[in-house]
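**Student:** Before we start, here is the structure in question, set down as structure tokens.
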Amino acid sequence: MTDRDAAAAGAMPQKTPMPWGLYVVGALGGLLFGFDTGVISGAGPIVQSDWGLDAAQLGFITASVLIGSMVGALSAGRLSDRFGRKKLFVVSAIVFIVGGIGLMFSQNFAAMSIFRIILGFAIGTTSTLTPTYLVELSDKGHRGSIASMFQLMITIGIEVAYFINLAFLHCNAAGLANWRWMFGSELLPAAILMIGSIVLPESPRWLVKEGRVEEAGSVLLGRLHRTADAAKAELADIQAVLAKDPGQGTFKEVFKTSGKAALVAILLMFFQQLVGINAIIYFTPKIFESSFHFDASNAIWISIGIGAVNVVSTIVATKLMDKFGRKSWLIFGSIVMCVAFAVIIVVDLVFGTSSIAAAVITMIFIAIFIIGFAVSWGPICWILISEIFPLKVRGVGTSIGSAANWIGDFLVSQFFTMILAACHNNIAVPFIIFFCFAFLSIFFVKFMVPETRGRSLEQIEEDAMGK
Ligand code: BGC
């Protein structure tokens, strides 16, 4: 960026980190989210046997984080509209560190549950903040790819945590048991997020809302794919949209002015969860152990394989995201997921779960399901919930979508194993339910979801207001 460019945009040049580095750091919130998802799958069962917890207590240690996440998600929108995206990142990282240290040194079930809720609060907050931040910091031509980095970080976090679980499985260093080190490892991504957040620029849209127009212009110029003209035009658009209606950013206002967007955000997130992604992510080892009689160590390697497919497919998604419309990707993903479920259901109903062939086919089609999810519903739901709300209520609107994600996750985590047990461990029955949601999602996308690819956030807002 030259000083002339900066002057053309009516702003002082601002030092920003390397543009790509900026988005990577901006997406780190996803790493916390994914990391904890992976860590609990390894640490939870060990804590259970060390402390002699029953199944309900183990369930609560897993699910308590979701309670904290729901609260965090719901408060993040108001707080980020009020104090800015950047400050809240720093606070979330600190809360995450407090939760992580607490978990590492917890002495009993009650303490662990409290620290899981605290940790969840930080995860819920960052899961609301990160996609909004990335979307607000991207230009319209690359927004899909850039915002997909949140999902990429989630999948990397899950996979890294699987390896950490393996690495610490037999580690009892410094008198601390293996699971304490697993939880302790969560401090690393949190510390990186905290340091990263200090150097991140504030969201330009939030700055304009606060009347800090010069700073906003400077941030717009510091982004990837910047040009002075584009930054200037974007700044003018943001100002024009806000001048029309600055709004207060309350929950009431979201439902009053953007009721349809709120409904779409909630349904998007419910569908994202009800197609059963976390039944696979959390319980793959359990599926292969109890349904196909694999031993535990082989089952862990299947998780690692599934995690790798998830990361690689998400990388492909970040490259291709802006080449086709969001709706096309979602419908494509739903069809792939339906086909994968259909094959698994037929195989398991016809051949049962005792043959090795059934296990192999199930494994392959679970991987195909993951590919379908990772290139579509995984990244796109998070992108869309940040794109479809007008700026004045974007923080709160995204909160609502994010909270719906945690509620859906809670329902699937809570009921999947119960349904599986009730059906004598034949996965066909829960998978029939997931198939139905994947099928219905096609119609939901076709008839209710707006297309946002290639439109600026201000154009999307104008479209919505026009309707
Ligand atoms: C979902 C998570 C899921 C992850 C898997 C995310 O988009 O919200 O619940 O664990 O994808 O990659």
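The values are calculated or read from the model by the stated rules, or taken from the named source; none is laboratory data. The structure displayed is predicted, hence computed values, not measured ones. Ideal geometry is used to build each Cβ from the backbone, glycine not excepted, and the neighbour counts take in all protein chains shown.
**Student:** Among the residues of the stretch 264-298, which ones are part of a helix (DSSP H, G or I), within 11 Å of the ligand (Cβ to nearest atom) and of a type in the set (Val, Ile, Thr)?
**Tutor:** Of everything in the stretch 264-298, those that are part of a helix (DSSP H, G or I), within 11 Å of the ligand (Cβ to nearest atom) and of a type in the set (Val, Ile, Thr) turn out to be Ile277, Ile280, Ile281.
**Student:** Continuing with this model, one more query. Please indicate, with yes or no, whether at least one residue in the stretch 300-317 is touching a Lys or Arg at 6+ places or on another chain (Cβ under 8 Å), modelled with pLDDT under 80 and not hydroxyl-bearing (Ser, Thr, Tyr). Steps first, answer last, please.
**Tutor:** Filtering the stretch 300-317 down to residues touching a Lys or Arg at 6+ places or on another chain (Cβ under 8 Å) leaves none.
Among the residues of the stretch 300-317, not one is touching a Lys or Arg at 6+ places or on another chain (Cβ under 8 Å), modelled with pLDDT under 80 and not hydroxyl-bearing (Ser, Thr, Tyr), which makes the answer no.
**Student:** Taking the conditions exactly as written (away from the ligand (no atom under 11 Å from the Cβ), in contact with a helix residue (DSSP H, G or I) (Cβ under 9 Å, 6 or more places away or on another chain) and within 25 Å of Thr155 (Cβ to Cβ)), does Ile407 satisfy them or not?
**Tutor:** Criteria met by Ile407.
**Student:** Name every residue in the stretch 45-61 that is surrounded by 18 or more Cβ atoms within 10 Å (Cβ to Cβ) and either under 19 Å from the mean Cα position of the chain (by Cα) or under 23 Å from Ala190 (Cβ atoms) (or both), in order of residue number.
**Tutor:** Val47, Ile61
**Student:** Let me ask another. How many residues are hydrophobic (A, V, I, L, M, F, W, C) and either crowded, with 16+ Cβ neighbours inside 10 Å or not in a helix (DSSP H, G or I) (or both) when one looks only at the stretch 350-371?
**Tutor:** Residues flagged as hydrophobic (A, V, I, L, M, F, W, C) and either crowded, with 16+ Cβ neighbours inside 10 Å or not in a helix (DSSP H, G or I) (or both) within the stretch 350-371 amount to 11.
**Student:** Here is a follow-up. Quick one: count up the residues across the stretch 410-445 that are part of a helix (DSSP H, G or I), away from the ligand (no atom under 15 Å from the Cβ) and of a type in the set (S, T, N, Q).
**Tutor:** Selection size over the stretch 410-445: 1.
**Student:** Return the pair list, or none, for Cβ contacts closer than 6 Å from residues in the stretch 281-298 that are more than 23 Å from Val311 (Cβ to Cβ) to residues that are at pLDDT 75 or above and not in a helix (DSSP H, G or I), at least 6 apart or on different chains.
**Tutor:** From the stretch 281-298, the pairs are Ser290/Asn425; Ser291/Asn425; Ser291/Ile427.
**Student:** Go through (1) within 25 Å of Leu152 (Cα to Cα); (2) within 16 Å of the ligand (Cβ to nearest atom) one by one and return the number of the condition Arg455 breaks.
**Tutor:** Status for Arg455: all satisfied but (2).
**Student:** Quick check on the stretch 163-179: of everything there that is in a helix (DSSP H, G or I), of a type outside the set (A, V, I, L, M) and surrounded by fewer than 23 Cβ atoms within 10 Å (Cβ to Cβ), which residue is farthest from the ligand (Cβ to nearest atom)? Break it down into steps so the answer makes sense when it comes.
**Tutor:** Taking the stretch 163-179 and keeping what is in a helix (DSSP H, G or I), we get 163-168, 173-175, 178-179.
From what's left, of a type outside the set (A, V, I, L, M): 163, 165, 168, 175, 178-179.
From what is left, the residues that are surrounded by fewer than 23 Cβ atoms within 10 Å (Cβ to Cβ) are 163, 175, 178.
Values: Phe163: 16, Gly175: 33, Asn178: 23 Å.
Per the stated criteria, the residue is Gly175.
**Student:** Here's something else I'd like to know. Scan the helices (runs of 4 or more DSSP H) fully inside the stretch 28-121 and keep the ones with 1 or more residues being among the hydroxyl-bearing types (Ser, Thr, Tyr) and within 29 Å of Met418 (Cα to Cα).
**Tutor:** The helices (runs of 4 or more DSSP H) meeting that bar are 28-51, 55-83.
**Student:** When Arg453 is evaluated against the numbered criteria (1) surrounded by fewer than 18 Cβ atoms within 10 Å (Cβ to Cβ); (2) under 30 Å from Ala233 (Cβ atoms), which criterion, by number, is the only one it fails?
**Tutor:** Checking Arg453 against (1) surrounded by fewer than 18 Cβ atoms within 10 Å (Cβ to Cβ); (2) under 30 Å from Ala233 (Cβ atoms), the one that fails is (1).
**Student:** Considering the stretch 372-386 alone, what residues qualify as being part of a helix (DSSP H, G or I) and at pLDDT 90 or above?
**Tutor:** Scanning the stretch 372-386 gives Gly372, Phe373, Ala374, Trp377, Gly378, Pro379, Ile380, Cys381, Trp382, Ile383, Leu384, Ile385.
**Student:** Which condition number does Ile345 fail, the rest of (1) of a type outside the set (D, E, K, R); (2) farther than 20 Å from Phe439 by Cβ; (3) crowded, with 16+ Cβ neighbours inside 10 Å being met?
**Tutor:** The failed condition is (2).
**Student:** Here's another thing I want to ask about it. Would you point out the residue of the stretch 299-319, among those that are aliphatic (A, V, I, L, M) and free of Cβ contacts under 8 Å to residues at least 60 places away in the same chain, that is nearest to the ligand (Cβ to nearest atom)? Before the answer, list the steps.
**Tutor:** At the first step, the residues of the stretch 299-319 found to be aliphatic (A, V, I, L, M) are 299-300, 302, 304, 306, 308-309, 311-312, 315-317.
Filter once more, keeping what is free of Cβ contacts under 8 Å to residues at least 60 places away in the same chain: 299, 312, 316.
Values: Ala299: 18, Val312: 12, Val316: 14 Å.
That would be Val312.
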